[in-house]
1. I need every pair where a residue in the stretch 141-165 that is under 20 Å from residue 122 (Cβ atoms) has its Cβ under 7 Å from the Cβ of a residue that is among the basic types (Lys, Arg) and crowded, with 17+ Cβ neighbours inside 10 Å, sequence separation at least 6 or different chains.
2. Looking for something surrounded by fewer than 16 Cβ atoms within 10 Å (Cβ to Cβ), within 23 Å of residue 182 (Cβ to Cβ), modelled with pLDDT under 95 and in contact with a His (Cβ under 7 Å, 6 or more places away or on another chain) - is there at least one such residue anywhere in the stretch 2-13?
3. Name every residue in the stretch 64-116 that is assigned to a loop (DSSP other than H, G, I, E, B) and of a type in the set (Ser, Thr, Tyr), in order of residue number.
4. Kindly indicate whether residue 68 is under 22 Å from residue 206 (Cα atoms) and aromatic (Phe, Trp, Tyr).
5. If you take the residues in the stretch 89-132 that are in contact with an Asp or Glu (Cβ under 7 Å, 6 or more places away or on another chain) and within 25 Å of residue 174 (Cβ to Cβ), which one is surrounded by the fewest Cβ atoms within 10 Å (Cβ to Cβ)?
6. If you check residue 66 against the conditions, is it in contact with a strand residue (DSSP E or B) (Cβ under 7 Å, 6 or more places away or on another chain), crowded, with 17+ Cβ neighbours inside 10 Å, over 16 Å from residue 119 (Cα atoms) and in contact (Cβ under 8 Å) with a residue 40 or more places away in the chain?
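The values are calculated or read from the model by the stated rules, or taken from the named source; none is laboratory data. It should be emphasised that the depicted structure is a prediction, and the values quoted were computed from it without experimental measurement. We place every Cβ from the backbone using ideal geometry, glycine too, and count neighbours over all the protein chains shown.
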Amino acid sequence: MIAVPRLHVVTDDLVLGRTDFLPVARALLEAGGDALALHVRGPRTDGRTIYELVHELVTREQSGGHVFVNDRVDVALTAGAAGIHLGQRSLSVAGTRALVGSTACVGISVHDAREARAASQDGADYAFVGTLHATPSHEGHGGRGPELLTEVAELANGLLLLGIGGVTPERVPPVLRAGGHGVAVIRGVWGASDPVRAVGEYLSVLEGRPSSTGDSN
C-alpha cells in the first residue's frame, strides 16, 4: 500500500465534464508525484464514465501521483486504483477493507471526533475532516475552522487527518498546526487559472518550501 499523500485533489461532476479534464488531470499527477492523490469523484456521473476515466488515469501512476476513486469500490477494484475514499453513506470501512485487503489505501470523510474514532477502529488509513471553511458546495454551513481538526485529533487514535473545505494555500499552516497530515481541495486547484501551478503552491506550503504567489483561489 502507498503512503498517504499530503495533497488530495478532488473532482466533482462539473470537473469530470470538462473537455480538458484528462490532459489537466494527467499534468497534475505528473506534477504532484507521490505527494498527490487525485480523487475521481462524481456523485451524478455514471459508473461506466468513471471507470473509463480512472482506467485512463491509472497508467499515469508510473510517472507520478496516485489515482483514488470516491464511493465506487467496484470501479476502484476493477480499474486498479491506488485508493478508495468513502462517505458516511458509502460501504463501511471494514466492508471495503474486507474486499480490497491491504493493497489499497482506504479513507473516509468525517465531521466529528466520534466518526473519526470509528474510522480508526474500522481500519481506515486516513480521514478528511471538514468543513473547515465555508464553501459553495456547502451553502448555509459555516466552517468550523482548524479547531475542528484539533478536536478530532484527540480521539482519532493516530489516524492521519486531512483538512477539507475552503482550504487555500494560505490556510494550510493552521491545518498542519492543528494536527493535520495534509489537505484536500476542489476549487483551490480546479478553479485556478493554472491548476498545475496551484498544485505547486499547495505542495510548497505542505513541504515547507518557499512559495511564490500563485492563482489558487
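1. 155/117; 156/117; 157/117
2. Within the stretch 2-13 (the criterion being surrounded by fewer than 16 Cβ atoms within 10 Å (Cβ to Cβ), within 23 Å of residue 182 (Cβ to Cβ), modelled with pLDDT under 95 and in contact with a His (Cβ under 7 Å, 6 or more places away or on another chain)), the answer is yes, since at least one residue qualifies.
3. Here is the first cut: in the stretch 64-116, the ones assigned to a loop (DSSP other than H, G, I, E, B) are 64-65, 71-72, 80-82, 87-92, 101-104, 111-112.
90, 92, 102, 103, listed by residue number.
4. Numbers: under 22 Å from residue 206 (Cα atoms): yes; aromatic (Phe, Trp, Tyr): yes.
It is true that residue 68 is under 22 Å from residue 206 (Cα atoms) and aromatic (Phe, Trp, Tyr).
5. Filtering the stretch 89-132 for residues that are in contact with an Asp or Glu (Cβ under 7 Å, 6 or more places away or on another chain) and within 25 Å of residue 174 (Cβ to Cβ), the one surrounded by the fewest Cβ atoms within 10 Å (Cβ to Cβ) comes out as 113.
6. Numbers: in contact with a strand residue (DSSP E or B) (Cβ under 7 Å, 6 or more places away or on another chain): yes; crowded, with 17+ Cβ neighbours inside 10 Å: yes; over 16 Å from residue 119 (Cα atoms): yes; in contact (Cβ under 8 Å) with a residue 40 or more places away in the chain: yes.
So residue 66 fits the description; yes.
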